[in-house]
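Below is one structure, written out as structure tokens; the observations come after it.
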Amino acid sequence: MEKTELRDAFSEFKNLKNIDRPTMMGVLEDVFRTQLAKTYGSADNFDIIINIDKGDCEIYWNREVVDEVENPNTQIAISEVNKDSDEYEIGETYATKVEMKDFGRRGILNIRQNLQGRIMDIEKANLYNKYTNKIGEIFTGEVYQTWSKEVLILDEDGNELRLPKSEQIPGEHFKKNDTVRAIIKSVEMKNNTTPYIVLSRTSNEFLEKLFEQEVPEIYDGLITIKKVVRIPGERAKVAVESYDERIDPIGACIGVKGARIIGIVRELRNENIDVLQWTSNTQLLIQRALSPAKISSIVLGGEDEKIKVYMLPDEVKKGIGKGGCNIKLASMLVGKEIEVWRELPKHDGEGEEEDVLLSEFSNEIDQWIIDKLESIGCDTAKSVLALSPADIAKRADLEDETVDEVMKILRAEFED
């Protein structure tokens, strides 16, 4: 009975997936040597031959043939060896096969338990390594059980993954057998228990991976996602950039009639997603982030100061967004807090006119010229007039005649 139980444990270990043969051989030998040391005091003079394919092993006890025994573990008397014949001489090695029954019932039980423990350790290590290497990837699994604080999801091998309430999109409700998609956020080992695998549907990386799945140009590297900011379940902003002038990054992400982005929106419980073109120009990025609101002027301020954005009263509501959502996401995208002001502050000159966005001059100034001026941070008429023509020509890469014409048009706006 004891040998049958041991063979079952051996077979279980032999069939364990994702373990190489040398590791398996080493673990099995270590388990038997541990028990040999307990039974005989030392395992140094034992040979262990393991047959992986048959799920069995042979153990031989090697002792030196001596005239008088001083250490029974390493020596055997010649009189005992040569009871029936005179084949051995003093100094030679005598090998005796150790049967499983020689360990006794308790010894066999120890071997079985030790082997099962090593099996569990290897399974935990394999599971930990498997999912640690998949952190940041999208996982699809089936809901097994739901609780108030988390959802238990199983993979195809029956391993448990957790989706905590804090990582669920607000308003989501799951039931048994639902299929769930989420990103693998972290893998933790707590007190040598089974790895605790955490999923997330609220992380920015989850939205980024969804875009990679839906937009081939992103997956192929033709379009780069520069930054993602989210208020899960409410709204998100995705800044994209293409290094190929032939590719419209915004159009590619949205798809024909929204075909590509609609699947992402549905996956995120109708979360509104704004796709905008990335720029390193902070003022231009703020304008794009606060769209559809029109900005009168922007004051960036110092490093630790808030960015002040001035808008006409009827634009403020659009800039702030529902519940402050739009302005909050714009701040997250820029990396600095933005404040919206309803009126443009007066400069030192009394009665000085309010500034005007360059976009308001599109009928008089070519759009490509406006784009070049905006690229150097000049998004309003006064921001252009504050610079010298030579400086503008150099920084915006414009002809002197072009700059002079632009300055003439802008000055006329403020003349009585």
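The values are calculated or read from the model by the stated rules, or taken from the named source; none is laboratory data. Values in this document were obtained by computation on a predicted structure and should not be read as measured data. Ideal geometry is used to build each Cβ from the backbone, glycine not excepted, and the neighbour counts take in all protein chains shown. SASA here: full protein model, heavy atoms, side chains in, ligands and nucleic acids out. Shrake-Rupley method; radii C 1.70, N 1.55, O 1.52, S 1.80 Å.
Tell me the mean residue ellipticity at 222 nm calculated for the chain from its helices only (DSSP H runs of n ≥ 4, each -39500 (n - 2.57), averaged over every residue, nearest 500).
-11500 deg cm²/dmol
Probe of 1.4 angstrom, ligands and nucleic acids ignored: what's the accessible area per residue over segment 233-389, in square angstrom?
55 Å²
May I ask for the equivalent-ellipsoid semi-axes of segment 268-408, computed as the square root of five times each C-alpha gyration tensor eigenvalue and listed largest first in whole Å?
28, 18, 14
Quick one: among GLN75, GLN168, GLN367, which has the greatest mean-square fluctuation in a GNM of the chain with alpha-carbon springs under 10 angstrom?
Checking each option, the largest mean-square fluctuation is seen for GLN75.
Percentage of Cα-Cα pair distances in segment 98-202 greater than 19 Å, rounded to whole percent?
Percentage above 19 Å: 52.
Taking one equal scatterer on every alpha-carbon of segment 151-251, how large is log10 of I(q)/I(0) by Debye at q = 0.13, 0.18, 0.20 1/Å?
With one equal scatterer per Cα and no solvent, log10 I(q)/I(0) is -0.60, -0.93, -1.04.
Note the angle between two axes, namely the Cα long axis of helix 204-214 and the longest principal axis of the Cα atoms of the chain, as a number of degrees from 0 to 90, rounded to the nearest 10.
Compared with the principal axis, the helix lies near 90 degrees.
Hey, can you grab everything whose amide H is under 5 Å from the amide H of GLN75? Only 5+ residues off in sequence or another chain; H modelled, so Pro and N-termini drop out.
GLU64
Just one of (1) 28.4; (2) 26.6; (3) 21.2 is Kirkwood radius over Cα pairs in Å calculated from these coordinates, so which is it?
(1)
If you look for lysine pairs in segment 60-171 that are eight or more places apart or on different chains, how many of them have Cα atoms under 23 Å apart?
Counting lysine pairs in segment 60-171 gives 4.
Which listed residue (LEU333, ALA412, ILE184) has the Cα farthest towards the positive end of the charge dipole for the chain, taking +1 on Lys and Arg C-beta and -1 on Asp and Glu C-beta about the Cα centre?
Comparing the listed Cα positions along the dipole, ILE184 ranks first.
Per the Kirkwood formula on distinct C-alpha pairs, the Rh of segment 16-152 is how many angstrom?
Taking every pair of different Cα atoms in segment 16-152, averaging 1/r and inverting gives 18.8 Å.
Place the peptides 314-325, 91-102 in order of packing, highest mean first, counting for every residue the other Cβ atoms within 10 Å and averaging per peptide.
Highest mean packing first, the order is 314-325, 91-102.
Picking from VAL406, VAL81, VAL275, which is most flexible by a Gaussian network model of the chain using Cα springs under 10 Å?
VAL81
Connecting C-alpha atoms closer than 10 Å in a GNM of the chain, tell me which of MET25, MET120, MET332 has the biggest fluctuation.
MET25
Rounded to the nearest percent, how much of the accessible area of the chain (1.4 Å probe, protein heavy atoms only) is carbon and sulfur?
Answer for the chain: carbon and sulfur cover 45 percent of the accessible area.
Scaled to the compact-protein estimate 2.2 N^0.38 Å, what is the alpha-carbon radius of gyration of segment 226-307, rounded to two decimal places?
1.24
Excluding same-chain residues fewer than 8 positions from LYS394, which lysines have a Cα within less than 17 Å of its Cα?
LYS372
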